[in-house]
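Single-structure report; data block below.
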Amino acid sequence: EGVYEKELKGENGCKIYIADSEGKEKEQLAYKIVKDGKDIKLTIDADLQAQLYKNFKSDKSCSIAMNPFTGEVLAMVSTPSYDTNAFIMGMSKKQWDRLNKDKKQPLYNRFRQVWCPGSTFKPVIAAIGLQSEAFTGTDNFGNEGHSWQKDKTWGTYHVTTLHTYSPVILKNALIYSDNIYFAKAALKIGGKNLINSLKNIGFGQQIEFPQTISKSSYSNSESFTNETQLANSGYGQGEVLVNPIHMAMMYSAFVNEGNMIMPYLEYKENASS
């Protein structure tokens, strides 16, 4: 409602005229026609929105659902939330203070922010590695056990993972969500190539969307400051931060021959990819 306030509200009409002693109109001086608010139909699926809220209402979380073929945003949920009617009916200072002091921050709109993507970032790194020919899907990265470091220059720092498996190829790395594999993948891609690839898929850019959403970023600076930051970025850690709407866009490329689909909120008849 905040985004479409101007369209929904419309404009008041008015008329200025001269009246006689009995209040009857004698002469019209100016007239402005009333403009009704515009009807706006959204892509949001109310049932899906409600179900996602029900599932996560007690968590500090956000959920995005998007049709990957059309870009229709089907749900945008930020939890925990609050009763908006309280603002309309009048809120006491006690209620206001309770909302603002709540440690779970119900007033914070989480789906507009950026977050550490973690393992959801691994398929993106895989796609960049394959596209840039830094490695192939059948390259065996070697079994390192549960802990690995490139060499002694990393000091005491090691990348850890939960499972061992064989062969250590891309398909298995995705199945077992192997941090070590994707740390190696990022190093094979290289810092400059990874930055260029991330910029090409929207990192550092303002995504066009009715609500302003935070820009995804790969680092707090213009580059990866060292090898361990680059390695950590390979499995969605380090300083990588991604907006969830942007993440849905990136995932849409997997079913659209590598093309990312732009998200939208206003319903379109016969939407197509």
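Points to keep in mind about this one:
- Top-ranked residue in region 73-85 [being in contact with a Lys or Arg (Cβ under 8 Å, 6 or more places away or on another chain) and crowded, with 18+ Cβ neighbours inside 10 Å; ranked as nearest to Glu1 (Cα to Cα)]: Ser78
- Subset tally (residues that are touching a strand residue (DSSP E or B) at 6+ places or on another chain (Cβ under 7 Å) and open to solvent by 90 Å² or more (accessible area, probe 1.4 Å)) for region 141-172: 1
- Restricting region 18-53 to residues that are assigned to a loop (DSSP other than H, G, I, E, B) and of a type in the set (Lys, Arg), the residue that is least open to solvent (accessible area, probe 1.4 Å): Lys38
- Odd one out for Ala271 among (1) over 18 Å from the mean Cα position of the chain (by Cα); (2) of a type in the set (A, V, I, L, M, F, W, C); (3) under 17 Å from Thr70 (Cβ atoms); (4) modelled with pLDDT of 95 or more: (4)
- Filter result (more than 25 Å from Cys62 (Cβ to Cβ), in a loop (DSSP other than H, G, I, E, B) and of a type in the set (D, E, K, R)) within region 215-267: Glu222, Glu257
- First in region 25-39 and within 17 Å of Glu7 (Cβ to Cβ), second anywhere and open to solvent by 100 Å² or more (accessible area, probe 1.4 Å) and not in a loop (DSSP other than H, G, I, E, B), Cβ under 7 Å, 6 or more apart: Gly37/Lys9
- For region 173-208, a tally of residues being open to solvent by less than 30 Å² (accessible area, probe 1.4 Å) and either touching a Phe, Trp or Tyr at 6+ places or on another chain (Cβ under 8 Å) or touching a residue at least 60 places away in the same chain (Cβ under 8 Å) (or both) returns 16.
- Pick from region 103-153, criterion farther than 13 Å from Tyr235 by Cβ and among the basic types (Lys, Arg), ranking: farthest from the chain's Cα centre (by Cα): Lys152
- Of residues in region 209-232 being polar (S, T, N, Q) and touching a residue at least 60 places away in the same chain (Cβ under 8 Å), the one surrounded by the fewest Cβ atoms within 10 Å (Cβ to Cβ): Thr212
- Region 148-188, subset charged (D, E, K, R) and not in a helix (DSSP H, G or I), residue nearest to Thr138 (Cα to Cα): Asp178
- Test: Gly90 is touching a strand residue (DSSP E or B) at 6+ places or on another chain (Cβ under 7 Å) and on the phi > 0 side of the Ramachandran plot: no
- Subset of region 86-102 that is within 30 Å of the chain's Cα centre (by Cα) and open to solvent by 100 Å² or more (accessible area, probe 1.4 Å) - its residue that is modelled with the lowest pLDDT: Ile88
- Every residue from region 162-209 that is of a type in the set (S, T, N, Q), at negative phi and within 22 Å of the chain's Cα centre (by Cα): Asn196, Ser197, Asn200, Gln205, Gln206
- Set Ala127, Ala134: member being within 20 Å of Ile189 (Cβ to Cβ) and not in a loop (DSSP other than H, G, I, E, B): Ala127
The values are calculated or read from the model by the stated rules, or taken from the named source; none is laboratory data. No experiment lies behind these values; they were computed from the predicted model shown. Using ideal geometry, Cβ is built from the backbone for each residue, glycine included, and neighbour counts are taken over all protein chains shown. Areas reflect the complete protein model, heavy atoms only, side chains present, ligands, DNA and RNA absent. Shrake-Rupley method; radii C 1.70, N 1.55, O 1.52, S 1.80 Å.
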